[in-house]
1. What number comes out for the charge environment of Ser83, summing +1 per Lys or Arg and -1 per Asp or Glu over other residues with Cβ under 15 Å away?
2. Once you charge only the Cβ atoms, +1 for Lys and Arg and -1 for Asp and Glu, what is the size of the charge dipole of the chain about its Cα centre, to the nearest 20 debye?
3. Given the convex hull over the Cα atoms of the chain, what projected area results after averaging over all orientations, in nm²?
4. Restricting to Cα pairs below 8 Å that are 6+ residues apart, what does the relative contact order work out to for segment 193-309? Please round to a whole percent.
5. Cβ neighbours within 10 Å, averaged per peptide: list 327-333, 72-78, 95-101 in order, most packed at the top.
6. Where Lys and Arg each count +1 and Asp and Glu each count -1, what net charge lies around Gly355 among other residues with Cβ under 10 Å from its Cβ?
7. Between segment 1-70 and segment 229-304, how many Å separate their Cα centres?
8. Could you work out the local net charge near His233, counting Lys and Arg as +1, Asp and Glu as -1, over the other residues with Cβ closer than 15 Å to its Cβ?
Amino acid sequence: MVDFEVRPCRQPVPEARRKAILASPGFGRTFTDHMVTLRWSAERGWHDGRVEPYGPFVLDPATSVFHYGQECFEGMKAYRQASGAIGLFRPEENAARFNRSADRMGMPQLPEETFVRALELLVSQDSEWVPDVMGTSLYLRPFMIATQPALGFTLPSDSYLFCVIASPATAAFGAGAVPRPLTVWLSEDYTRAAPGGTGAAKTGGNYAGAFKATQQAVANGCDQVVWLDAAEHTWVEEMGGMNLFFVYAPGGDGKPRIVTPPLTGTLLPGVTRDTLLTLAPQLGFAAEEHRISVGQWRQQCASGELAEVFACGTAAVISPVGLVRSASGDWQIGDRRPGPVTLRLREELLGIQHGQRPDPFSWVHKAC
Ligand code: COI
C-alpha cells in the first residue's frame with residue numbers, strides 16, 4: 001500500500017468562517033483546508049503520496065490534460081453519522097468505477113485500498129468540515145490528470161497526478177424534506193455518447209460536451225438535459241450528472257415498479273442507481289432495468305400508468321422530475337409534485353447514509 005505523508009495546513013480557514021460556510025454550503029463552491037496528492041510515473045509507479053494544504057498546482061502549459069483532456073474523476077460523499085462518526089458510502093464502488101474510467105482513458109490503475117485510504121485520510125484531517133444536518137455532507141472529488149508536458153498524440157501521458165479535494169455540500173437541488181421537482185429538457189439536437197465511446201467513463205469530456213445542450217435547457221426554463229441514444233434518438237439514456245428512474249403505478253402484484261434504462265455502455269453506471277435497484281425490493285417496490293422510449297414516456301404519463309419520475313446521483317441524491325420540455329411540446333408527470341415512491345426511497349437512502357436506519361448491505365464504511 002502506498003504511504004501518505006501528512007503535512008498539516010498552517011493557516012486553516014478560521015472557525016467562524018467555516019461555521020458560516022457549513023450553515024449554508026451550497027454545492028462545490030468552497031473547499032476544505034487540505035487535499036490529497038499522489039503521483040504516478042512509468043518508472044516509479046505510484047509515489048509521493050501526501051495530505052497537504054489545499055492549494056493551486058503549477059503546471060507546464062504543454063501539460064497533456066490541457067490539450068487532450070486525458071482525465072477521469074469520481075463524486076462521492078462523507079456523511080456525519082447519528083453516532084457522531086463519519087461514514088463513506090460504498091467507497092469501494094467508486095474505486096472500482098474510477099479504475100474502469102482510467103482503463104477506458106488509457107490511464108494507470110490505482111489500487112482500491114489506496115483510493116479508499118486517500119479518502120479516509122482527507123476526511124479525518126478535515127473532519128470538522130463534515131456538516132451534521134440531514135441532507136448535507138462533505139462532497140469528495142477524487143480525480144486523475146495526465147501531466148506529461150508534451151503535445152505528441154500517439155501514446156498516452158507517461159505521468160499522472162491523482163488528487164482528492166473536498167467541499168461541504170447540500171444536495172445539488174436542495175436538501176429539504178420535500179425536494180424541488182426538476183423541469184428537464186429533452187435534447188434532440190445533441191448526443192452525449194455513442195456506442196464504443198466514453199459514455200460509461202466518468203471523464204471530463206462527457207461533461208464538457210454537455211454544456212451547450214445545458215445552455216439550451218436553461219434558455220428554455222429547464223434545470224437539466226435528458227439525453228437520448230445516439231443511434232435512434234429514441235431511447236432515454238440519462239441526464240449527464242444523474243441517472244433516471246421511472247415509477248409505474250402498482251400492477252397485478254400490488255407493487256409499484258421502478259424502472260431504469262439498462263447499462264448499454266453509453267451511460268454512466270451510477271452508484272446511487274445501483275443502490276436503489278438493490279434497495280427498492282426491500283421497501284416493497286419491484287425494480288427492473290429496461291429501455292423506455294420518449295414516446296412511451298409521454299404516452300404513459302398521459303394514461304397515468306407512469307406515476308413518477310426521478311433523477312438520482314451522488315450530488316443530486318434523489319430529485320423528482322415534474323415536467324418535460326422538448327421542441328415538440330411539453331408534458332407533465334403526475335401532478336408535478338414529488339411522489340410517494342420517490343420520497344420513500346429518498347428518505348431511506350439518506351437514513352442509511354447518515355446512520356439513522358439499519359444498513360442491511362453494510363454500505364457505510366467508517367472513515368473516522
Ligand atoms: C456526482 O453526482 O457526484 C457527479 O459527479 C455529478 C456532477 C455533475 C456533479
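1. Values: positive: Arg80, Arg357, Lys366; negative: Asp132, Asp359.
With Lys, Arg at +1 and Asp, Glu at -1, the net is +1.
2. On the way: 33 positive and 38 negative charges, 152 e Å.
Dipole of the chain, to the nearest 20 debye: 740 debye.
3. Working: hull surface 75.7 nm².
Mean projected area for the chain: 18.9 nm², to one decimal.
4. Details: 168 pairs, mean separation 31.4, N = 117.
With pairs under 8 Å counted, the relative contact order is 27 percent.
5. Values: 327-333: 13.6, 72-78: 23.6, 95-101: 19.6.
Taking the mean over residues of other Cβ atoms within 10 Å, the ranking is 72-78, 95-101, 327-333.
6. Working: positive: Arg80, Arg357, Lys366; negative: Asp359.
Net local charge, Gly355 excluded: +2.
7. Taking the Cα centre of each part, segment 1-70 and segment 229-304 sit 36 Å apart.
8. Details: positive: Arg192, Arg291, Arg298; negative: Glu188, Asp189, Asp229, Glu232, Glu237, Glu238.
Around His233, the surrounding residues sum to -3.
Any read-out appearing in this document is the output of simple, stated calculations on the displayed coordinates, not a laboratory observation. Just so it is clear, the structure is predicted and the values come from calculations on it, not from any experiment. Backbone-built Cβ (ideal geometry, glycine too); neighbour counts: all protein chains shown.
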